[in-house]
Structures are given as structure tokens and as C-alpha cells.
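Heads up: the structure comes next, in C-alpha cells.
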Amino acid sequence: MLSARQVVAVIGYPLKHSLSPVFQQAAFDAYRLPVTYEAWEVPPASLAAVLTRVRQSDCLGINITIPHKEAVIPYLDCLDDLVRQVGAVNTVVNRSGVLWGYNTDGPGFLRALAEVGVSPAGQVVLVVGAGGAARAVVCALARAGAERVLIANRTPERARALVALAAGLGQAAVVVPWEPAALVAAGQQATLIVNCTSVGLRHTPTEAASPLPAAALHPDALVYDLIYNPAETVLLRQARERGARTLNGLSMLLYQGALAFELWTGRPAPVETMRACLEAALARRG
Ligand code: NDP
């Protein structure tokens, strides 16, 4: 039971656009817990000092975003198995001065699929991208028993490294060449297509672009875009126009946060309260 005021924070650099303070605070408030969720902008040179702060008894833990997800690992005392696989931490829990590292991105992705009745088990999945988010997604797909994962990335070495990671987890995976014909063929084989690139993200030079040719999309696919702003990327619009089922990354953001909340508090996350806050914050932001 919490009594004195506690703090939780998201750390990143820069940290202008994080939605975590909004929906996490709503979750603590829903339980009337005496917790303040803050946003700490932490330049890389200050990471060690901040982790010392996190060990203090009034800090329940932190969320971690770019660029600290990998750099934080040497400062932690215990790592969840998934962190060892993904190589990145997005949630730290302070248990009496012992810092535990978790990664809730992949499990959040699986929960987002589960809430619409989808399991990757037995599916052929096309993963586009091979950065940190793609690593979390591929490890989650391996856990969930995907039949085969097809990995396409602009930089082929990173796609190869991700295929090797998947293989190490016993997951059948192949590299898809980053060229239109190969991307179309891979999309046509896949029943689940996941965009883990930043192509299509609002306020970036690729906002009006899609990472896949439209012909890769088909009516029997579920297309999941990790991007949630805009709510409908060019990829999702083209997928919808071709009759595919589509989902944006808001649900993954929600569930990675819900899982972090559950790790800090041991209580079920008030998911609908958190979702309503997220949707309202995104609507305000535009
Ligand atoms: P990284 O920087 O680690 O990876 C970026 C990926 O995008 C790489 O595969 C990169 O390819 C690719 N990429 C970037 N620009 C281009 C381009 N112009 N053409 C083709 N490929 C490109 O980022 P993350 O993995 O952390 O995040 C990826 C996306 O997922 C972001 O949009 C992020 O907002 C979103 N995300 C959403 C989450 C959620 O909860 N919904 C959680 C985490 C991330 P290359 O290797 O060739 O550079």
C-alpha cells in the first residue's frame, strides 16, 4: 500500500511529444494512488545520475524512450528475459532499491491484437522495419508462435540481423529484399502485415509516403501500423481501400503503458480510462 507521495517518470531526449504522462496519470488517479507521473528530459550524459535518482524510495520506476532504451541496461540490476532477447528496456521498476528492467512493447503489441480477436499463431507475418520496435514485435511473434516471419528493411544488414535474432528464438524467418516486386510478393503471402518503420509519421518528410507498394496489400490481411499519428497513415488508407482490416499503433501504445502500470502497482490497469485519455490527447494535438 502506498502512503507517502511517489513519483514515476518517462525519460527521453528530446521529450516533446510523449503521451505517457497524460494517460499514466489518469491511471494512478483512477485508483486515487498518491503518485505523480512526470516527464524528465534526460540528455545522455545525465543518464547515470538519473538512475541514481530512480533508486530512491519515493520512485516507483520509469518509462524509457528514445535514445535511452539500450543505454540504460548497464545501470540495471535485474533484467527480464524479454529484455535479454530484444536488447532494449522501456520500463524500470524500483523494488526496494533494486532496479528491474522490462520491455512491454512486444507484449503490448500482442495484447493489442488479442483485443480484436487476433493471434499471430500459425500466421505468415510481414514485418517492415528492423529497428527497436521491429525487434520487440519479432520477439513477440516468436513467443506467440507465428508460422513464418518475412522481414523487409531499407538497410539489408539490419534485416539480416533481425532474421538471425528470430532464428535464435526458434522462429522461422527470412529477409525480403527491399524492392517493389519482392515486397508485393511478400505482402501477398502474409496474413498479418506490420509496419515498424517511421515511414508515414506525422510532421516528418515521409508523412505522405507508404513503406509498401499498394499491391502488397490484400483483403485477407490485417495491416497493423505501429504509427498512431496520423490515425490513418497512407499505408492504412491504401490497405482499407484494398479491403484489408486495419489497426493503428494506439492500442500498442495503450497496452505497453497498461503493462508498465501493472508492473509498478501490481493492480489491473484501468485500460478504458487510459484509452479515453490517449484518444482525447491525440485529438487535441491533431
Ligand atoms: P528506429 O529508429 O529504431 O527504426 C526506424 C525504422 O524505420 C528502421 O527500420 C528504418 O530503416 C526505417 N525507416 C526510417 N526512415 C525510413 C525511410 N525513409 N524509408 C524506409 N525505411 C525507413 O525506430 P523504432 O523502431 O523505435 O520506431 C519505429 C516506429 O514505430 C516509429 O514510427 C515509432 O513511433 C513507432 N513505435 C510505436 C510504438 C507504439 O506503441 N505504437 C512503440 C514503438 C515505436 P533503416 O534501418 O534502413 O534505417
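A short reminder: the numbers here are calculations on the coordinates, not readings from a lab. Note that the coordinates shown come from a computational prediction; the quantities given were computed from them, not determined experimentally. All Cβ positions, glycine included, derive from the backbone under ideal geometry; neighbour counts span all protein chains shown.
The table that follows gives values for the structure above.
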{"read-out": "Loop sites in the stretch 15-67: trypsin sites (Lys or Arg not before Pro), DSSP, at most 13 other Cβ within 10 Å", "value": "Lys16, Arg32"}
{"read-out": "Extension gain (nm, one decimal) between Trp178 and Thr36, 0.36 nm per residue minus Cα-Cα", "value": "46.6 nm"}
{"read-out": "Cα shape, the stretch 134-286, gyration tensor, a/c 1.5 rule", "value": "oblate"}
{"read-out": "Computed helical MRE - 222 nm, the chain, DSSP H runs ≥ 4 contributing -39500 (n - 2.57), nearest 500", "value": "-11500 deg cm²/dmol"}
{"read-out": "Cα shape, the stretch 30-182, gyration tensor, a/c 1.5 rule", "value": "prolate"}
{"read-out": "Span from the the stretch 1-31 Cα centroid across to the the stretch 39-62 one, whole angstrom", "value": "13"}
{"read-out": "Interatomic Cα distance distribution for the chain, bins of 10 angstrom, percent", "value": "7, 29, 35, 22, 7, 1, 0"}
{"read-out": "Formal net charge of residues neighbouring Arg240 (Cβ-Cβ distance under 13 Å; K, R +1; D, E -1)", "value": "0"}
{"read-out": "Computed label-point distance, nm, for sites Ser96 and Glu147 using a 7 Å Cα→Cβ extension", "value": "4.9"}
{"read-out": "Assigned charges on the beta-carbon of Lys, Arg, Asp, Glu; the chain dipole about Cα centre (debye)", "value": "140"}
{"read-out": "The stretch 226-282: relative contact order as a whole-number percent, Cα under 8 Å and 6+ apart", "value": "28"}
{"read-out": "Cβ-derived FRET efficiency at R0 25 Å, Ala209 paired with Arg245, nearest 0.05", "value": "0.70"}
{"read-out": "The stretch 105-177 and the stretch 178-209: distance between their alpha carbon centers, rounded to Å", "value": "14"}
{"read-out": "GNM flexibility winner over the chain from Pro213, Pro107, Pro120 (Cα, springs under 10 Å)", "value": "Pro213"}
{"read-out": "Cβ charges +1 (Lys, Arg) and -1 (Asp, Glu), total dipole of the stretch 74-146, debye", "value": "60"}
{"read-out": "Beta bridge orientation in the chain: antiparallel %, DSSP, nearest 5", "value": "20"}
{"read-out": "Ranking of Arg135, Arg143, Arg202 by count of other Cβ atoms within 10 Å, fewest first", "value": "Arg202, Arg143, Arg135"}
{"read-out": "Approximate spin-label separation Ile66-Thr273, in nm, with each point projected 7 Å along Cα-to-Cβ", "value": "3.1"}
